[in-house]
Each structure stands twice: as C-alpha cells, then as structure tokens.
Amino acid sequence: MPRDRYREIYDSFCWHVPDEFNIADVCGRRWAAETSRVALYTEDEVGRCATFTYAALMRDANRLSHALAALGVGRGDRVAILLPQRAETAIAHLASYQMGAVAMPLSILFGPDALGFRLNDSAAKVAICDASTAVAITGLRASCPHLAQVISVDGAADGALDWSQLLGRAADRFTPLVTRADDPAVLIYTSGTTGPPKGALIPHRALIGNLTGFVASQNWFPQRGDVFWSPADWAWTGGLMDALLPTLYFGFPIVGVRGRFATDRALDIVRRYAVTNAFLFPTALKMMMRASEWQQPGRLKLRAVMSAGEAVGTAVFDWAREHLRVTVNEMFGQTEMNYIVGNSHQKWPARPGAMGRAYPGHRVAVIDDEGRVLPTGEAGEVAVHRRDIHGHPDPVFFLGYLNNDESTRRKYTGDPDNSWCRTGDLACQDEDGYLWYRGRADDMFKAAGYRIGPGEIENCLLGHPAVANVAVVPKPDAERGAVVKAFVVLAAGERGDPALVEALQRHVRGKLAPYEYPKEIEFIDALPMTTTGKVQRRVLRELEASRARGAA
C-alpha cells in the first residue's frame with residue numbers, strides 16, 4: 001500500500017497562471033522544433049495507420065490558420081469541428097487557438113436538429129467535417145445564416161471546400177495572436193437534464209486548471225515511454241480536456257482510433273501501441289470485465305487507468321486490480337469545471353466506491369441549498385470554490401454559458417469573487433476528505449418514504465455475473481409513491497426469466513437495505529446512453545411515468 005502523501009501535496013500546491021497563455025503554443029508549437037517527436041498515432045475503421053509528429057501537426061495548423069483567416073475567421077469567431085479521432089481534429093483545434101478563434105467540437109453522432117441548434121446558438125462562421133457528416137452540415141447552410149463556409153477533410157463535397165486544396169495554397173508559417181489566459185478557447189455544449197443544451201465557454205487557462213487532476217489520476221504522468229489512449233470522443237470534455245490536450249501539453253504521443261468501441265479491438269490497441277495510460281468510461285470497463293479476451297489479457301504495459309462519467313463500482317474496481325493489475329483512479333468533474341476530484345493510487349489510497357479527494361489546487365466541499373458547508377457524513381451538493389485554500393483564483397472555471405447569463409448566475413452561490421460553483425451532483429464527505437457519490441440531484445427519488453440513490457443498487461447488481469449493465473429508476477406506485485425498478489442488460493449467454501429476477505432480487509436484499517432491492521426488474525437489450533457514455537436514466541424515468549399514465 002503506498003504511503004498517503006495527500007495532505008503534503010495538497011497543502012503545498014499553489015497556482016501560477018501567466019497573464020498571456022495560448023493552448024496551441026503549449027500543446028504544439030513548443031514541441032515542433034523536435035522534428036521527430038511523435039504526437040499522434042491514428043487508426044481508421046479498417047485498420048489503416050499513420051503517425052504524425054508535432055512538427056507535422058503544427059505545419060498543417062499554420063496552413064489552416066491562414067486558410068481560415070482568408071475565409072473571414074477572426075479573434076473570437078467560432079469554428080465548428082465535426083470530426084472523429086483523427087489528425088485533422090487536432091490540427092483544427094491548434095489552428096483555431098493560435099489565431100484567437102474559439103473551437104467548437106461537435107459529435108459526429110449528432111442529428112440535424114442537434115447540429116442546427118448549436119451552429120445557430122454559437123453563430124459558428126466555419127464548420128470542418130468529414131465525408132460522413134458533410135451532407136448533414138451543408139444541408140443546414142440555409143437555416144444557419146452565420147455559417148459562411150464548410151470544409152471537408154475527405155475531399156470536395158457538394159457545398160464544401162476541399163481541405164487539402166485549401167492547405168496546399170497556404171504558407172506553413174504563421175504568426176500566432178497573443179491571447180490572455182482568460183480569453184475564450186473552446187465552446188462545448190452540455191447535454192443537461194432539462195431545457196436546451198447550454199454552451200459552456202472555456203478559457204485557455206482552464207487547461208492549466210485540469211493539469212493537476214490529469215497528472216494525479218494518471219499516476220504522475222508523464223513518465224519515460226508513456227503512450228496515452230482513450231476511446232472518449234474528442235468532441236467532449238472527457239476526450240478533449242482529459243486525454244488529447246493534456247497529453248499534447250506534455251509532448252507525449254496519444255493514440256486516436258476511429259470506429260465504435262469493441263473489447264477485442266481495445267485489447268489489440270493496448271498491446272500494439274504499448275499503451276501505458278488510459279481514460280476508460282465505466283461503460284467500457286464493464287464491457288471489458290464481461291469479455292472473455294480480457295480475463296487473461298497477458299502482460300500489458302498499462303500503469304494507470306482513469307475513469308469518470310459514472311461511478312465505477314466495487315465490482316469493476318476489483319476486476320481491474322485482478323486482471324489489469326491496475327488500480328482504477330476514479331475522477332469527477334464537469335465541462336464547466338473539470339478534473340476537480342479524484343484518486344491517485346500511487347500518492348494516496350484509492351478507496352473502492354469513493355469519488356476521491358479534491359485534487360491539488362481545488363477547494364471542494366459538500367453544501368446545502370443555502371450554500372452552507374455541511375459537516376462530515378451529511379449528504380449535499382458537491383461544489384467548488386472560486387479560490388483555492390491559499391486565496392488564489394482557481395483557473396479551472398468556465399467563463400459562463402453563451403447567451404445565457406441567468407443560467408450562469410444560477411450555477412454559483414455567493415458573491416462573484418467569493419462563491420461556490422454548484423455541480424448538481426450529490427455526495428457526502430468522510431473524515432479523510434473522500435467524497436462518496438450519492439447520484440445526480442435529479443436522479444434521487446423517494447420510495448415508501450425512503451430517499452434512494454440509484455448508484456449503490458446498480459453497483460450491487462453489477463456484482464452479479466448475469467448482469468452486464470443496469471440502470472435503476474423509480475416506477476410510480478399509487479401506494480408507495482414509487483418503487484425501485486431496475487432495467488438490466490444481461491451478460492452474454494444469460495436468460496432473463498422469473499428465476500433470474502428472483503435471484504437478482506435476493507442478491508440485492510442480501511447486501512443492501514430491505515427497501516433498496518428492486519421490486520421490479522425488466523430485461524432490455526441496451527440502456528439509453530448519451531454520446532459521452534452516460535446512462536440516460538431520465539429516458540427510463542419518463543418511460544415509466546408514461547406507462548403509469550397509460551395504465552391509469
């Protein structure tokens with residue numbers, strides 16, 4: 001067991017944020033002089049591979065900056081980037097940052113309504129896409145008056161400019177604009193639970209605010225020979241700020257893979273690229289835990305795995321220790337203030353089921369509705385203070401929601417310079433500073449007078465070998481108000497029959513409180529998921545509410 005060094009690391013840490021700071025400079029330009037330094041390994045859906053150096057990425061980023069400027073993009077303008085994990089994605093980000101523009105990553109899984117809303121709300125001037133999304137983007141031109149040009153990285157398309165032709169005509173040297181640390185760099189739309197998505201505007205300095213958590217959760221990244229990989233989409237905070245940008249910040253290689261996550265391909269990637277560090281969603285880890293090829297994966301070079309988005313749970317935690325020989329470092333954060341809480345197994349013990357402790361530089365507490373800090377053991381909302389324990393401003397925070405000042409104000413409790421930023425997630429804190437997740441505020445429900453969070457029940461069910469994935473929601477009930485219902489995805493070869501329902505109920509009753517066992521279990525092929533790999537319990541709650549109305 002490693003010595004617990006948390007207190008000395010946390011207490012001694014201080015922020016140093018320069019007035020002038022640009023993500024492209026620290027993630028690309030400063031490494032480009034080392035012409036052989038590898039930045040990126042890429043692999044497409046059919047296995048075609050390529051290697052890109054930092055020098056090559058910056059040459060094309062310089063060309064793209066010139067091309068974008070010629071198309072009218074200037075400081076503060078939004079550039080939509082609708083691309084998967086490929087070199088052009090990194091190039092588009094670097095090019096946007098160094099010219100003072102704002103990169104707006106978008107998921108290739110978005111439909112036309114989702115794309116149209118974001119393009120219009122952001123007033124994006126240019127969109128960069130591939131062949132799979134070119135038709136969708138160009139088809140929105142008429143309804144998106146601000147969108148002046150579309151660029152296709154896979155060659156000219158109807159209504160889209162050819163990436164290669166644009167870059168081929170541009171110079172490979174570019175004089176970057178000077179940006180302040182507080183200048184906007186990224187615009188990411190959060191999915192939210194109610195209302196339309198909100199565009200969180202992220203400043204350049206937020207990358208600095210992410211670094212302590214990244215280094216700690218990856219067991220003091222970087223070390224000699226480190227190679228990073230994550231299936232997390234670079235269009236989201238998890239893929240961009242937890243994988244791509246911090247890896248490039250340290251000048252190390254990252255693997256970019258296109259195509260759907262599959263357990264057999266994941267093992268092949270980890271082996272062939274000698275991956276040492278990874279960010280894997282709990283959903284991916286659960287799939288790996290049930291896959292035969294991961295039961296005896298052989299000797300791997302993995303030395304650190306971070307996981308976030310949902311609670312990992314003790315079943316997955318124990319499996320990773322036994323089969324991967326890695327202690328999973330759970331992390332908690334949001335688009336608005338990312339990488340704020342987590343574990344770092346080599347510096348402080350990771351407790352199974354715990355979210356972890358506040359990462360160095362972040363002042364985190366559990367607060368009540370009025371913003372008062374709650375005592376140890378009492379559940380409340382996780383919040384992050386604007387200032388660290390030394391009184392210095394924490395650089396991790398977003399600038400605000402685009403076109404939505406009211407939602408920005410509601411995010412904070414207290415005066416602007418001395419306030420708590422609310423996460424909407426519930427937890428309690430133990431005497432050693434570990435946070436224990438109790439669910440989203442809007443995922444909690446009451447059944448027969450008991451307040452219930454789905455996480456503990458889901459984790460218990462996942463410990464049963466017949467369960468591949470599970471989501472727990474309330475089912476409306478006239479007598480009790482609600483009863484606990486579990487939607488279960490079965491492991492391969494299992495049969496969902498009444499005998500298994502009874503076995504699963506007995507499994508939970510034997511481990512949790514009597515009121516927590518699922519009164520009803522429904523077997524389904526797949527859970528509704530967000531594009532970032534989170535279970536959409538809201539969809540299942542609404543399904544049950546609709547069924548109850550129909551029955552009435």
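What the table shows:
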quantity: With at most 13 other Cβ atoms within 10 Å, longest stretch of the chain clear of loop GluC sites (Glu not before Pro) (DSSP); calculated: 46-369
quantity: Carbon and sulfur %, accessible surface of the range 68-130 computed with the full protein complex present, 1.4 Å; calculated: 54
quantity: Å² of accessible area per residue within the range 10-157, as computed with a 1.4 Å probe and no ligands counted; calculated: 37
quantity: Tilt relative to the chain, helix 206-217 - C-alpha long axis, 0 to 90 degrees, to 10; calculated: 50
quantity: Under the Karplus curve 6.51 cos²θ - 1.76 cosθ + 1.60, θ = phi - 60°, whole-Hz ³J(HN,Hα) for the range 269-285, x wherever Gly or Pro sits; calculated: 5, 4, 6, 5, 8, 6, 5, 9, 9, 8, 10, 10, 4, x, 4, 5, 5
quantity: DSSP-defined antiparallel bridges as percent of all bridges, the chain, nearest 5; calculated: 65
quantity: DSSP bridge orientation in the range 462-551 - percent antiparallel, rounded to nearest 5; calculated: 75
quantity: Restricting the range 325-375 to trypsin sites (Lys or Arg not before Pro) in coil, as DSSP defines it, with at most 14 other Cβ within 10 Å; calculated: Arg325, Arg372
quantity: With Cα atoms, 0 to 90° folded angle of helix 112-122 axis to the chain main axis; calculated: 60
quantity: DSSP-assigned coil residues among chymotrypsin sites (Phe, Trp or Tyr not before Pro) in the range 151-220, each with at most 15 further Cβ atoms within 10 Å; calculated: Trp220
quantity: Debye, to nearest 20: dipole size of the range 251-310, +1 on Lys, Arg Cβ, -1 on Asp, Glu Cβ; calculated: 140
quantity: Contact order relative to length of the chain, as percent, for alpha carbon pairs under 8 angstrom and 6 or more apart; calculated: 12
quantity: Other-chain or far-sequence residues with amide H under 5 Å of Gly155's (modelled H); calculated: Trp163, Ser164
quantity: Rounded, prolate or oblate (a/c below 1.5 giving rounded, otherwise prolate when a/b exceeds b/c) for the range 501-552 by Cα gyration tensor; calculated: oblate
quantity: Sequence-distant residues sharing a close amide H with Gly400 (under 5 Å, placed H); calculated: Leu201
quantity: Residue-averaged 222 nm ellipticity for the chain, from DSSP H runs of 4+ at -39500 (n - 2.57), nearest 500; calculated: -8000 deg cm²/dmol
quantity: The range 60-101-the range 102-121 distance, computed between alpha-carbon centres (Å); calculated: 16
quantity: Dipole of the range 333-439, positive direction: furthest Cα of Phe398, Val382, Trp348, with charges on the beta-carbon; calculated: Trp348
quantity: Three-way shape label, the range 303-381, alpha-carbon gyration tensor, a/c 1.5; calculated: prolate
quantity: Cβ charges +1 (Lys, Arg) and -1 (Asp, Glu), total dipole of the chain, debye; calculated: 680
quantity: Nearest-20 debye value, the range 402-442 charge dipole, Cβ charges on Lys, Arg, Asp, Glu; calculated: 240
quantity: Dipole-positive endmost among Ala262, Leu207, Thr423 within the chain (Cβ charges, Cα centre); calculated: Ala262
quantity: Acute angle (nearest 10 degrees) that the helix 498-509 long axis makes with the longest principal axis of the chain, alpha-carbon atoms; calculated: 90
quantity: Trypsin sites (Lys or Arg not before Pro) restricted to the range 1-58 and DSSP loop, no more than 16 other C-beta within 10 Å; calculated: Arg3, Arg5, Arg37, Arg48
quantity: Global geometry of the range 128-219, whether rounded, prolate or oblate, following the gyration tensor of its Cα atoms and the 1.5 cut on a/c; calculated: oblate
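The values are calculated or read from the model by the stated rules, or taken from the named source; none is laboratory data. What you see is a predicted model; the values in this text were computed from it and never measured. Quick reminder, even Gly has a Cβ in these numbers, built from the backbone with ideal geometry, and neighbours come from all protein chains shown. What goes into the accessible areas is simple: the full protein's heavy atoms, side chains included, and nothing from ligands, DNA or RNA. Shrake-Rupley method; radii C 1.70, N 1.55, O 1.52, S 1.80 Å.
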